[in-house]
Amino acid sequence: MDLLNINDRFGITVAGIGLDARIGQRVNHSFYKPILNKLGLSSFTYTIAAIIELLSFKTFKSTVTIDDMTYTYAITWLTACGNTSSYGGGLVVCPGASPTDSMLNITMLHDVGRMNILMRLFPALLRGQPILRKGVTYRTGKEITIETDRPILAIIDGEVIKSTPLHVAIHEKALNLILTR
């Protein structure tokens, strides 16, 4: 399978900056995570953290370069680079991502208001649907560089790693898995 190379560090699932990294950080340090896990409600941990972070998160300006194309957003909430389609308790953030297709699937959430995210986009995400609305951009590529107007928290495979700038590249067929029964 392919791996993500993030600033010379490897990951398997999704690397992201912004809101999703803050949600991941909140989940990792929450008092309610062990309680909800014991009750078999671990996916609610991410829902609670997402709502809290959505209410307080400060957007940022970003410049995203995917292969040879550059995109600039004055209001950025998150950029996620997926080798797999979901993370954060099963949220499908990078629909279409596959760990064997030699491509990054990139999701950018930008230029939308807080209430739009809370009332429209987040509920669609919870339903597992790709979000086909203004302010959500999907792209694919082999390499991405993310620069921001201030340091923004980054996450890989659920672990906070550092802040921007971030360089992510696909490392094709880097991991061989043996499945046994």
Exercise. Among what's in the range 1-47 and is among the charged types (D, E, K, R), in a helix (DSSP H, G or I) and out of contact with any helix residue (DSSP H, G or I) (no Cβ under 8 Å at 6 or more places or on another chain), pick the residue that is least open to solvent (accessible area, probe 1.4 Å).
Key: Asp20
Quiz prompt | In the range 80-102, the residues that are closer than 19 Å to Leu3 by Cβ and of a type outside the set (A, V, I, L, M, F, W, C) | solution = Gly82, Asn83, Thr84, Ser85, Ser86, Tyr87, Gly96, Ser98, Pro99, Thr100, Asp101, Ser102
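Kindly indicate whether Leu91 is of a type in the set (A, V, I, L, M) and closer than 19 Å to Ser30 by Cα.
On the way: of a type in the set (A, V, I, L, M): yes; closer than 19 Å to Ser30 by Cα: yes.
Taking the combined requirement at face value, the residue satisfies it.
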Exercise. Looking only at the range 62-89, count how many residues are assigned to a loop (DSSP other than H, G, I, E, B) and polar (S, T, N, Q).
Key: 3
Practice problem: Say whether the condition of being touching a residue at least 24 places away in the same chain (Cβ under 8 Å), open to solvent by less than 60 Å² (accessible area, probe 1.4 Å) and more than 16 Å from Asp111 (Cβ to Cβ) is met by at least one residue in the range 68-78. | Solution: no
Quiz item: Right, Thr145: closer than 28 Å to Thr47 by Cβ and part of a strand (DSSP E or B) or not?
Solution: no
Practice problem: Return a yes/no flag: does the range 91-100 have any residue that is outside any loop (DSSP other than H, G, I, E, B), out of contact with any helix residue (DSSP H, G or I) (no Cβ under 6 Å at 6 or more places or on another chain) and either at pLDDT 85 or above or surrounded by fewer than 20 Cβ atoms within 10 Å (Cβ to Cβ) (or both). | Solution: no
Quiz item: Given the conditions (1) surrounded by 15 or more Cβ atoms within 10 Å (Cβ to Cβ); (2) in contact with a Lys or Arg (Cβ under 6 Å, 6 or more places away or on another chain), which single one is not true for Thr63?
Solution: (2)
Practice problem: Specify the residue that is nearest to the chain's Cα centre (by Cα); the eligible residues are those in the range 112-150 that are of a type in the set (Lys, Arg) and at pLDDT 80 or above. | Solution: Arg139
Practice problem: Could you give me the residue pairs with C-beta distances under 8 Å whose first residue belongs to the range 156-180 and is under 22 Å from Val64 (Cβ atoms) and in a strand (DSSP E or B), whose second residue is hydrophobic (A, V, I, L, M, F, W, C) and open to solvent by 80 Å² or more (accessible area, probe 1.4 Å) wherever it lies, and which are 6+ apart or on separate chains? | Solution: His171/Phe10
Quiz item: Does the range 48-57 include one or more residues that are in contact with a strand residue (DSSP E or B) (Cβ under 9 Å, 6 or more places away or on another chain) and either open to solvent by 20 Å² or more (accessible area, probe 1.4 Å) or of a type in the set (Lys, Arg) (or both)?
Solution: no
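The values are calculated or read from the model by the stated rules, or taken from the named source; none is laboratory data. Quick caveat, the model's predicted, so the values are computed rather than measured. Using ideal geometry, Cβ is built from the backbone for each residue, glycine included, and neighbour counts are taken over all protein chains shown. What goes into the accessible areas is simple: the full protein's heavy atoms, side chains included, and nothing from ligands, DNA or RNA. Shrake-Rupley method; radii C 1.70, N 1.55, O 1.52, S 1.80 Å.
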